[in-house]
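Quick notes on the structure that follows.
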Amino acid sequence: MSTSQTGSTFSRISAVAWTVVPITWMTAAVLERGRDWEGLPSAVWGIGWLALVVAGAATVMAVVRTRDRTDRRGLRRGGIAAMGAGLAVSAIAPWAIPVWSALYGVAMLLVAASGRGGAAARLTGFAFLAAVGSLIVLTALRVGTPDSFGNRPVAWTVATIIATVGAAGGMVVWPSGAPSSVETRSAAVA
């Protein structure tokens, strides 16, 4: 597999995994109605958690494998560091949607500012930040009935859908891969 195919493979894996997260989490919430959280609802939610970690890791790899178009490597490194922090938060505390969404959002906007990912990075970054904003606004407006923890499931569900669907959309159109070996040799000769 060439390196240019590798980047697009990571972005495709990421797009699918981002899509699995809200589907499994909403399915778990429906299964949990009138039951204990243990058992099937918990297992389905766990699949979504695994998908979240896979999506984050594949997104990081897609960004790392994308071509450099400028000399703004400091912004790219900052973006990758913020993505790593977002990945760590999503792995440890997947329910902390505003934290990992904010980290991923800032990360993708830094990546876009560095010259990588273009419109796809901006779309993904703004989707993550819009998710945080929607959670804050919907919670402040007290939309939906609170759950046993005092959270507003409607707000959290909307935020998850905005973040993950936006990220999946960005990864679908993510530019593929690192420079090919021909481009690398041409740059070395020049």
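The values are calculated or read from the model by the stated rules, or taken from the named source; none is laboratory data. Predicted model, so just to flag it, every value in this text is computed and none were measured. Quick reminder, even Gly has a Cβ in these numbers, built from the backbone with ideal geometry, and neighbours come from all protein chains shown.
Structure summary
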read-out	value
Criterion (within 13 Å of the chain's Cα centre (by Cα) and hydrophobic (A, V, I, L, M, F, W, C)) met by exactly one of ALA155, ALA140, ALA130, ALA119	ALA130
Residue in the range 126-140 that is assigned to a helix (DSSP H, G or I), modelled with pLDDT under 95 and in contact with a Ser or Thr (Cβ under 6 Å, 6 or more places away or on another chain) present	no
Pairs, first within 25 Å of LEU103 (Cβ to Cβ) and in contact (Cβ under 8 Å) with a residue 24 or more places away in the chain in the range 132-159, second aromatic (Phe, Trp, Tyr) and surrounded by fewer than 19 Cβ atoms within 10 Å (Cβ to Cβ), C-beta under 9 Å, six or more apart	TRP156/TRP95
Which numbered condition ALA88 fails, given (1) out of contact with any helix residue (DSSP H, G or I) (no Cβ under 8 Å at 6 or more places or on another chain); (2) modelled with pLDDT of 95 or more; (3) under 22 Å from MET26 (Cα atoms)	(3)
Pair list, Cβ under 8 Å, 6 or more apart: the range 40-51 residue surrounded by 14 or more Cβ atoms within 10 Å (Cβ to Cβ), other residue charged (D, E, K, R) and in a helix (DSSP H, G or I)	PRO41/GLU32
Residue pairs meeting the criteria (Cβ under 6 Å; at least 6 apart or on separate chains; first within 16 Å of GLY115 (Cα to Cα), in the range 75-93; second of a type in the set (Asp, Glu))	none
Test: LEU123 is in a helix (DSSP H, G or I) and touching a residue at least 24 places away in the same chain (Cβ under 8 Å)	yes
Of the criteria (1) in contact (Cβ under 8 Å) with a residue 12 or more places away in the chain; (2) part of a loop (DSSP other than H, G, I, E, B), which one VAL54 fails	(2)
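Here's the yes/no breakdown for (1) among the β-branched types (Val, Ile, Thr); (2) at pLDDT 85 or above:
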| site | (1), (2) |
| --- | --- |
| ALA29 | no, no |
| ARG35 | no, no |
| ALA55 | no, yes |
| ILE92 | yes, yes |
